Amino acid sequence: MLSRRDFLKRSSLIATAPLIPGFIERTARAAEPGKDPILVVLEMTGGNDGLNTVVPYRDDIYHQMRPTLRFQDTQVVKVNDELGLHPALQQIGQLLQQSKLAIIQGVGYPNPDRSHFESMDRWQAGEVTAKVSGTGWLAKSVPDLAKGKGGGVPVMHVGSEKLPLACRGTTQGVFTINQEQPFELKLGLPGSEEEDARKKLLADVSTMAANEKTDELLSFVQRRHLQTYTSVEKLKVILKDMSRDQARSGFGPGSLYAKMDLVGRLIQQGFGTRVFYLAIDGFDTHGNQAQTHQNLLQQIDQAVGYLFQRLQQTGDDGRTLLMTFSEFGRRVAENGSKGTDHGSGSCLLVAGPGVKAGPVGQHPSLTDLTDGDLKYHTDFRRVYATLLENWLKVDSKMVLGEKFETMNFLKKA
């Protein structure tokens, strides 16, 4: 048995071991499945064209400003007599018909920045100052999220890109998985003293965590380290099952569809993660936008539609919301390259049975512009505050630094 002193001396071994060995598997199997509300955050990297995502198809100014990129009323997925969704969003349109989609219009922030990096940092930090802190809004949520019953990985980033700022700045409870790289047990060279020492440490930790009469230090181990490793053991089993099905789907491991498939399986298995973060790049459509935007939104449509179809099978759709966001929108007028340039105000979508369906707020005016950009009327931090307070049950002031008025796009619990 490890002493307190030995544990502190050797705890770095835990941090360097990416997987737990099979002898802790029984702990993973015995973990209580999490049934807390879940948020899936989908980043649309590059500046999504909100005006052609939620289309004011009856507005004459829209048609004048977009002679080659415009959509007619016969093309869009109808929302109401004034608005429609991009033709690629067929399955998301079905979610709307099922009263499972909220369309939040006119979203932005004060003094917008058209730089990809600066604007994305503000969205991800939940701050609108010229220089944001190095801690993301989801990372700040970890202390409250970790209070759930499900396990030791409150926030999971799914993708091969580096950990996004939204998830950075906490030393606990955030995990990245890259499906394109296999998971392997790496405790040191096979048969080496290092491997033996690490296995013994993990075995000791497992034994201590099973003892109800643990002191504060060992209780901390159980909550922060052991739960994380046992969660990863569950993850290995899920990934193994996925590999058998993926060949039949026709989607590669790096596709948004495959990432969303993994998220759905983790939710169904009661993995315990409260927030999943995914991204899809390519929305910086300065030229020949039509086909690129079509392809990107079609990928989102397939992935989001599939996620909720899967979750509906087990009833887990009722505890899941998905939010899209992008760092900014595009200009109202198309440019000379049949594309659109960086703008500001835009829209975002929130999907799931827990929403009050339909448009939220008015579509921004196409005549009352700021330097050719749509004016925002809803600070994105109000959206965050609503999801934090009313869905995830997290103290939004702790995360955002101040109290923001929540919005009325969620059903009451």
With the requirement that a residue be more than 20 Å from Pro364 (Cα to Cα), of a type outside the set (Lys, Arg) and assigned to a loop (DSSP other than H, G, I, E, B), what does segment 377-404 give you?
Val394, Asp395, Gly401, Glu402, Phe404
Of the conditions (1) modelled with pLDDT of 95 or more; (2) of a type outside the set (A, V, I, L, M); (3) over 22 Å from Glu334 (Cβ atoms), the single one that Arg29 does not satisfy is (1)
Where residues in segment 328-343 are over 15 Å from Ser119 (Cα atoms) and within 27 Å of the chain's Cα centre (by Cα), which of them is least open to solvent (accessible area, probe 1.4 Å)?
Thr340
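Find the residue count for segment 354-413, including only residues that are small (Gly, Ala, Ser) and on the phi > 0 side of the Ramachandran plot.
First pass over segment 354-413, keeping only residues small (Gly, Ala, Ser): 354, 357-358, 361, 365, 372, 385, 396, 401, 413.
Among the residues that remain, those that are also on the phi > 0 side of the Ramachandran plot are: 358, 361, 372, 401.
Residues in segment 354-413 being small (Gly, Ala, Ser) and on the phi > 0 side of the Ramachandran plot: 4 in total.
Residues being open to solvent by 10 Å² or more (accessible area, probe 1.4 Å) and either farther than 21 Å from Asp36 by Cα or not in a strand (DSSP E or B) (or both): count how many of those fall in segment 153-174. Before the answer, list the steps.
Residues of segment 153-174 open to solvent by 10 Å² or more (accessible area, probe 1.4 Å): 160-165, 168-174.
Pick out the ones that are also either farther than 21 Å from Asp36 by Cα or not in a strand (DSSP E or B) (or both) and you get 160-165, 168-173.
Qualifying residue count for the region: 12.
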Residue hits (segment 68-96; closer than 26 Å to Val40 by Cα, touching a helix residue (DSSP H, G or I) at 6+ places or on another chain (Cβ under 8 Å) and not in a strand (DSSP E or B)) are Val79, His86, Pro87, Ala88, Leu89, Gln90, Gln91, Ile92, Gln94, Leu95
Per-region count, segment 354-376, residues over 15 Å from Tyr62 (Cα atoms) and either small (Gly, Ala, Ser) or open to solvent by less than 30 Å² (accessible area, probe 1.4 Å) (or both)
6
Cβ-Cβ below 6 Å, separation at least six or inter-chain, first residue in segment 149-163 and modelled with pLDDT of 90 or more, second open to solvent by less than 20 Å² (accessible area, probe 1.4 Å) and hydroxyl-bearing (Ser, Thr, Tyr): which pairs?
Met156/Thr273; His157/Tyr277
Segment 74-86 - residue that is over 19 Å from Pro364 (Cα atoms) and open to solvent by 30 Å² or more (accessible area, probe 1.4 Å) and, of those, nearest to the chain's Cα centre (by Cα):
Gln75
When segment 45-64 is examined, which residues are found to be assigned to a strand (DSSP E or B) and open to solvent by 10 Å² or more (accessible area, probe 1.4 Å)?
Thr45
Residues of segment 368-387 satisfying the condition of being modelled with pLDDT under 95 and either under 27 Å from Val399 (Cβ atoms) or polar (S, T, N, Q) (or both)
Thr370
Name the residue, out of Val394, Val350, that is under 17 Å from the mean Cα position of the chain (by Cα) and either farther than 30 Å from Gln291 by Cβ or without any contact (Cβ under 8 Å) to a residue 60 or more places away in the chain (or both).
Val394
Name the residue, out of Asp368, Asp316, that is without any contact (Cβ under 8 Å) to a residue 24 or more places away in the chain and of a type in the set (D, E, K, R).
Asp368
Only one of these is assigned to a helix (DSSP H, G or I) and of a type in the set (Gly, Ala, Ser): Gly339, Gly270, Gly287, Gly318. Name it.
Gly318
Counting only residues that are part of a loop (DSSP other than H, G, I, E, B) and either free of Cβ contacts under 8 Å to residues at least 40 places away in the same chain or not small (Gly, Ala, Ser) (or both), segment 33-44 contains a total of 4
Which condition breaks for Lys393 when tested against (1) open to solvent by 30 Å² or more (accessible area, probe 1.4 Å); (2) in contact with a His (Cβ under 6 Å, 6 or more places away or on another chain)?
(2)
If you scan segment 115-146, which residues turn out to be among the charged types (D, E, K, R) and modelled with pLDDT of 95 or more?
Glu118, Asp121, Arg122, Glu127, Lys140
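Does segment 257-279 hold any residues that are among the aliphatic types (A, V, I, L, M) and either open to solvent by less than 10 Å² (accessible area, probe 1.4 Å) or closer than 17 Å to Gly352 by Cα (or both), and which are they?
If the condition is that a residue be among the aliphatic types (A, V, I, L, M) and either open to solvent by less than 10 Å² (accessible area, probe 1.4 Å) or closer than 17 Å to Gly352 by Cα (or both), then Ala258, Met260, Leu262, Val263, Leu266, Ile267, Val275, Leu278 are the ones that fit.
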Phe117, sole failed condition from (1) surrounded by fewer than 18 Cβ atoms within 10 Å (Cβ to Cβ); (2) touching a residue at least 60 places away in the same chain (Cβ under 8 Å)
(2)
Do we have Gln294 as out of contact with any Leu (no Cβ under 7 Å at 6 or more places or on another chain), surrounded by fewer than 19 Cβ atoms within 10 Å (Cβ to Cβ) and part of a helix (DSSP H, G or I) here?
yes
On the basis of being within 23 Å of the chain's Cα centre (by Cα), part of a loop (DSSP other than H, G, I, E, B) and on the phi > 0 side of the Ramachandran plot, does Ser99 make the cut?
yes
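The values are calculated or read from the model by the stated rules, or taken from the named source; none is laboratory data. All values reported here derive from a predicted model rather than from experimental measurement. Glycine also receives a Cβ, built like all others from the backbone with ideal geometry; neighbour counts cover every protein chain displayed. Protein only, heavy atoms only, side chains kept; ligands, DNA and RNA dropped before computing areas. Shrake-Rupley method; radii C 1.70, N 1.55, O 1.52, S 1.80 Å.
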